[in-house]
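Remarks on the structure that follows.
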Amino acid sequence: MWKHILVKLAWKSSKSNSAGSNSSTNNNATSLDKPDKPKAISPSSVLPTEPESTSSYSHVMEKHEIFLKKLDLCCVTCDFSDRAKDYSEDKESKRQALIELVEFLTSCNEQLSEPMIIALCRMFSINLFRVFPPKIRSKPGPTGGVDIEEDDPVFDPSWYHIQIVYDLLLKFITSSLVDVKIARKYMDNSFVSKLLDLFDSEDPRERDCLKTILHRIYGKFMSHRPFIRKEVSNIFYRFVFETDRHNGIAELLEVFGSVISGFAKPLKEEHKVFLWKALVPLHKPKTVGTYLPQLTYCVMQFIEKEPKLASTVIRGLLKYWPVTNSQKEMMFLGELEEVLEATDMAEFQKCMVPLFRRLAQCLNSSHFQVAERALFLSNNDHLVNMISQNRQVILPLIYPALERNARWHWNRSVLNVTMNVRKMFFEMDENLLLACESSFVEEEEKKAASEERRRLIWERLENFTANGTGSASAFSPAISSELGFGVPPLVVAAAPLVA
């Protein structure tokens, strides 16, 4: 029994000794793993080691150098005048380089440095600012000469490269990695002015790209906004008063439609001057039909922001109203209706007399579409309401034109619409219409009597001339004046001077 107890005690003591040695070992390990005082963290434990940082920096610099070298490669322009040599290795290499530049700007996550911005602007200037190639739309005519098809667009053969340059320019302008302050130094007023000159390109694809780019520049470079408005005004002035030819008026007006919609209220005097001196005269050229929808939109934006400008616009339309161009006259009538729809009573009264004198002439136009379009203005409820409130002034102006249409116009459709308009005015004010009718009859009787008297006088003159018994000088001054002959004044000899 005692022997059994002694064996157990010996086994417990050996176990406790082994446990103590293990605990001391664990304590030592814990003290190595978790020191009491935290060690200072060296930069090498966070940042890459010196070889790693050097390699990453050199990689970035290498990318920048490749970027600049590719821009230098793209500054070499290719000759596209010879259509037989459209494909060459140089052209294809430049195209691939341009595509890689676009991909770099798309995927780049670093701020563009100033040398990169300088090189980009230089490349844009060399490739885009150029003399336009000659027209290539001419083809041999049936007589062996040259037949020019004015309706066919002209496509620039260098578009193979220029399209990608425009894509790159758009990426550059819209990129958030471009510092506006730095870019503004190199995309200066001269750069913007040359870019605006490109709107005269005959290639519609190029003008469409320029439209988007100009809109982005106007939105991003706020300091360029006054200069852009001034330059576009000058382009309009030269087009209207000098050259009478420009290919990009519609695109410029489309850009300025969104620009005008962003003008603050009340409008600045500078913006009103732009309307009166730049936009309204654009109704003068013969080619107004190519950009009239965009022009009308710009004009309506001004009227919506300041309704007082409606009378100014109507007076401008009357100033440039076409006389011999019936198609243009119909376009003016369409725009006039749109302007009148947004005109209030006060502005309408300022210009209603000259306006309805012009409309009376349109009602009597021998071109049935012009007369019909003028008559259809009576379908506008807003206009009819304003006419009703000012009928004492307006009806005497237009009733004679309606009566002449009802009596003598050759087109049946115009005659029917005229009778409907007369009925509308009769229901509006019967007494006034009857008074206008009696006044018209009196005027026609006076006119007929005057014509008959003039015919008789000319008959007498022809008889005197045929018989050789008289001349125009034998008539009384009243008859001579009736025929249009001037009576020479009596010449009295001057008395001699007395010394």
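The values are calculated or read from the model by the stated rules, or taken from the named source; none is laboratory data. Just so you know, these numbers come straight off a predicted model, no measurement behind them. As a convention, Cβ positions derive from the backbone with ideal geometry for all residues, glycine included, and neighbour counts pool all protein chains shown. Remember, those area values only see protein heavy atoms, side chains included, never the ligands or the DNA or RNA. Shrake-Rupley method; radii C 1.70, N 1.55, O 1.52, S 1.80 Å.
General remarks:
- Per-residue Karplus couplings for region 209-226, computed as 6.51 cos²θ - 1.76 cosθ + 1.60 with θ equal to phi - 60°, are listed in order as 5, 4, 4, 5, 5, 4, 4, 5, 5, 4, x, 8, 9, 5, 5, 8, 4, x Hz, Gly and Pro entered as x.
- Over 18 Å [Cα-Cα, region 369-454], rounded percent: 47
- Distance between region 409-451 and region 228-260 - C-alpha centres, whole angstrom: 44
- Think of a 1.4 Å ball rolled over the protein heavy atoms: region 228-334 then has 44 Å² of accessible area per residue.
- Fraction of accessible area attributable to carbon and sulfur, region 401-458 (%, probe 1.4 Å): 52
- Cβ-defined net charge surrounding H246, 11 Å radius [Lys, Arg +1; Asp, Glu -1]: -3
- Theoretical gain in end-to-end length, Q96 to K265 [0.36 nm per residue, Cα-Cα removed]: 56.0 nm
- Filter on K211/K305; K305/K350; K308/K328 - keep pairs with C-alpha separation over 22 Å: K211/K305; K308/K328
- Sequence of Y160, Y166 from largest to smallest accessible area, 1.4 Å probe: Y160, Y166
- Global geometry of region 158-273, whether rounded, prolate or oblate, following the gyration tensor of its Cα atoms and the 1.5 cut on a/c: oblate
- Between E103 and L73, the contour length at 0.36 nm per residue exceeds the alpha carbon distance by 9.2 nm.
- Accessible carbon and sulfur surface of region 280-383 relative to its total accessible area, %, 1.4 Å: 52
- Rounded to whole numbers, the Karplus 3J(HN,Hα) couplings from phi for region 198-205 are 5, 5, 7, 4, 7, 8, x, 5 Hz, using 6.51 cos²θ - 1.76 cosθ + 1.60 with θ = phi - 60°, and x at Gly and Pro.
- Positive contributions from Lys and Arg (+1) and negative ones from Asp and Glu (-1), summed over other residues with Cβ under 9 Å from the Cβ of K265, come out at 0.
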